[in-house]
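Here the structure is laid out as structure tokens; the discussion comes afterwards.
The values are calculated or read from the model by the stated rules, or taken from the named source; none is laboratory data. Everything quoted here is computed from the prediction, not taken from an experiment. Here the Cβ is made from the backbone with ideal geometry for all residues, glycine too, and neighbour counts use every protein chain on show. For the accessible areas, the whole protein counts, side chains as well, though only heavy atoms, and no ligand, DNA or RNA atoms are used. Shrake-Rupley method; radii C 1.70, N 1.55, O 1.52, S 1.80 Å.
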Amino acid sequence: AQSVAQPEDQVNVAEGNPLTVKCTYSVSGNPYLFWYVQYPNRGLQFLLKYITGDNLVKGSYGFEAEFNKSQTSFHLKKPSALVSDSALYFCAVRDRTDSWGKLQFGAGTQVVVTP
Amino acid sequence: DAGVTQSPTHLIKTRGQQVTLRCSPKSGHDTVSWYQQALGQGPQFIFQYYEEEERQRGNFPDRFSGHQFPNYSSELNVNALLLGDSALYLCASTPPGQVLSGANVLTFGAGSRLTVL
């Protein structure tokens with residue numbers, strides 16, 4: 001069975017400061033890992049993914065994430081947060097052995113960026 | 001280019017009723033997945049359709065059923081509604097070949113918000 005944990009319900013950060021949203025996962029084999037963002041009254045939007053290779057993945061809107069196999073983590077980061085980054089962020093995992101690839105999402109982390 | 005479109009956007013039903021939600025995938029996409037997002041929770045996988053067949057199913061009872069049509073659009077049906085079925089129902093689509101290749105980037109619709117009274 002696969003699972004995803006996002007230990008923080010909410011992250012507060014001032015505009016211009018670095019932003020980190022934490023994610024840890026559990027999967028039987030090697031995972032595919034994803035980050036999605038959800039704005040109010042909108043569906044989820046894809047930010048970035050880790051498939052293989054370089055542990056640092058760069059994505060949309062200046063976001064990046066670091067895959068750490070030993071710590072089973074995939075934390076999302078942005079060097080300088082914007083007020084417009086305020087949204088709900090979801091980490092998701094897919095088991096590579098799952099042919100049809102359903103995603104297991106975490107519970108989400110609300111990011112609040114203050115001016 | 002329209003993305004994933006879902007209808008209706010909001011609806012209210014009473015316990016025991018049945019509901020049908022509709023989804024049109026993004027142009028060029030052929031695989032449709034449905035997720036349930038309860039308030040304060042992450043999306044939970046319901047099922048996935050490809051070539052008009054249910055390919056994978058999550059931990060949902062048989063009251064939840066679906067269909068995919070030849071034009072790749074899809075329906076989600078829920079029978080005998082319970083209060084706990086109140087949620088945002090998200091449809092997501094995937095381009096050909098991505099699901100089996102692992103890349104699996106989902107394009108989500110804005111969802112249908114179901115309230116069961």
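Could you please find all residues in the stretch B:22-35 being surrounded by 22 or more Cβ atoms within 10 Å (Cβ to Cβ) and assigned to a strand (DSSP E or B)? Answer for the stretch B:22-35, where residues must be surrounded by 22 or more Cβ atoms within 10 Å (Cβ to Cβ) and assigned to a strand (DSSP E or B): B:C23, B:T31, B:V32, B:S33, B:W34, B:Y35.
Residues in the stretch A:1-57 that are surrounded by fewer than 18 Cβ atoms within 10 Å (Cβ to Cβ) and basic (K, R): A:K22, A:R42.
Of A:D95, A:D85, all but one fail to be within 11 Å of chain B (Cβ to nearest Cβ), of a type in the set (D, E) and crowded, with 18+ Cβ neighbours inside 10 Å; the exception is A:D95.
Scanning the stretch B:23-53 for residues that are charged (D, E, K, R) and in contact (Cβ under 8 Å) with a residue 60 or more places away in the chain yields a total of 2. Residues that are open to solvent by less than 10 Å² (accessible area, probe 1.4 Å), assigned to a loop (DSSP other than H, G, I, E, B) and at pLDDT 90 or above within the stretch B:101-117 comprise B:L106, B:G109, B:G111, listed in sequence order. Could you check the stretch B:42-59 and list, in sequence order, the residues that are in a loop (DSSP other than H, G, I, E, B) and crowded, with 16+ Cβ neighbours inside 10 Å? Matches in the stretch B:42-59: B:G42, B:P43, B:G58. Residues in the stretch A:99-115 that are at the interface with chain B (Cβ under 8 Å from one of its Cβ atoms) and surrounded by 14 or more Cβ atoms within 10 Å (Cβ to Cβ): A:W100, A:G101, A:K102, A:L103, A:Q104, A:F105, A:G106, A:A107, A:G108.
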